[in-house]
Ligand code: SAM
């Protein structure tokens, strides 16, 4: 790793439930930095105690991001390496840290990521929904009218959608998703990496029937699928026939109609010949 001879901010992912998922690298980094900036010192203390880490902690949360970023930059000016952790998973992903990372980039200090668990990705790979392209949305707005607007903007998005949601809002959110996005395949992944990890896979309307959902959860919904245009073969043959009547050669006419409808020229040509032989 080529780092500048300056202080480093380590972005350290921590377990989302199962402490065995703490990496040895994460433990080493948290032991060796001078300061750990965390969301909730009481929460992080439990993690540090479990791994026998005694590094000094300072708090860094959403409502004091700007102020505490400046405090952290001062520590880095003194040459101190800092690790940023959140309560679970990656910092910055639906968690604080964005402001700090940008300040550290501005001040040209090093930034290093220490990999680890993330609820969205765990849920995605087990969901059975498409993984080649996806959108991590995080939390929808807590106000229904705003959440509805957000969903309306996502309605025609063609890739798997990933949302975080709180248990007390999930039933309402599922109903809203069904209303705005329409029936789609979906998956609700609960309590990942924990004792009661479970996946509810089905259509949105089936997930809407679930009740008493507790714990931490990720909601994944399949992206918008364009309905294949129903093409009437008789209509295609008629269009080809009209072009031939106008003086085009059969192959030319088939080629033009295939292009217009986004079809395979060879397949259409064969179908057209078969159709004409039948007549
Ligand atoms: N930074 C975290 C990450 O990288 O996954 C996410 C933090 S966000 C404040 C917390 C939300 O993540 C929860 O409300 C839930 O939607 C999701 N989450 C976190 N841990 C989870 C788990 N073990 N199982 C399911 N969802 C989880």
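Quick notes
- Some residue of region 106-124 being over 22 Å from the mean Cα position of the chain (by Cα) and crowded, with 16+ Cβ neighbours inside 10 Å: yes
- Among the candidates 195, 121, 181, 100, residue that is farther than 30 Å from residue 29 by Cα and either within 11 Å of the ligand (Cβ to nearest atom) or modelled with pLDDT of 95 or more (or both): 181
- On inspection, residue 92 passes the criterion of being touching a strand residue (DSSP E or B) at 6+ places or on another chain (Cβ under 9 Å) and closer than 25 Å to residue 20 by Cβ.
- Of the residues making up region 158-199, those that are surrounded by 15 or more Cβ atoms within 10 Å (Cβ to Cβ), touching a strand residue (DSSP E or B) at 6+ places or on another chain (Cβ under 8 Å) and part of a loop (DSSP other than H, G, I, E, B) number 5.
- Residue in region 243-260 that is over 30 Å from residue 17 (Cα atoms), part of a loop (DSSP other than H, G, I, E, B) and in contact with a helix residue (DSSP H, G or I) (Cβ under 7 Å, 6 or more places away or on another chain) present: no
- Taken over region 139-157, the criterion of being more than 18 Å from residue 222 (Cβ to Cβ) and in a helix (DSSP H, G or I) is satisfied by 144, 145, 146, 147, 148, 149.
- Hey, residue 69 under 21 Å from residue 106 (Cα atoms) and in a helix (DSSP H, G or I) or not: yes
- Taking the criterion of being away from the ligand (no atom under 16 Å from the Cβ) and under 30 Å from residue 218 (Cα atoms), the residues of region 57-81 that qualify are 57, 58, 64, 66, 68, 69.
- Single residue of 87, 81, 28, 52 found to be modelled with pLDDT of 95 or more, surrounded by 14 or more Cβ atoms within 10 Å (Cβ to Cβ) and out of contact with any helix residue (DSSP H, G or I) (no Cβ under 7 Å at 6 or more places or on another chain): 81
- Pair list, Cβ < 8 Å and 6+ apart or interchain, from region 85-104 residues that are within 21 Å of residue 42 (Cα to Cα) to residues that are within 7 Å of the ligand (Cβ to nearest atom) and outside any loop (DSSP other than H, G, I, E, B): 88/119; 89/119; 93/120; 94/164; 95/89
- Meets criteria (in contact (Cβ under 8 Å) with a residue 12 or more places away in the chain and over 12 Å from residue 129 (Cβ atoms)) for residue 210: yes
- Hits in region 207-230 (condition: modelled with pLDDT under 95 and in contact with a helix residue (DSSP H, G or I) (Cβ under 6 Å, 6 or more places away or on another chain)): 213
- Residues of region 35-66 that are out of contact with any strand residue (DSSP E or B) (no Cβ under 7 Å at 6 or more places or on another chain) and closer than 20 Å to residue 108 by Cα: 65, 66.
- For region 125-138, taking the residues that are over 8 Å from the mean Cα position of the chain (by Cα) and buried (at least 18 other Cβ atoms within 10 Å of the Cβ), the one that is nearest to the ligand (Cβ to nearest atom) is identified as 127.
- Flag for residue 108 being assigned to a loop (DSSP other than H, G, I, E, B) and within 12 Å of the ligand (Cβ to nearest atom): no
The values are calculated or read from the model by the stated rules, or taken from the named source; none is laboratory data. Please read these numbers as outputs of a predicted model, since none were measured by experiment. Counting neighbours? That spans all protein chains shown, and the Cβs are built from the backbone with ideal geometry, glycine included.
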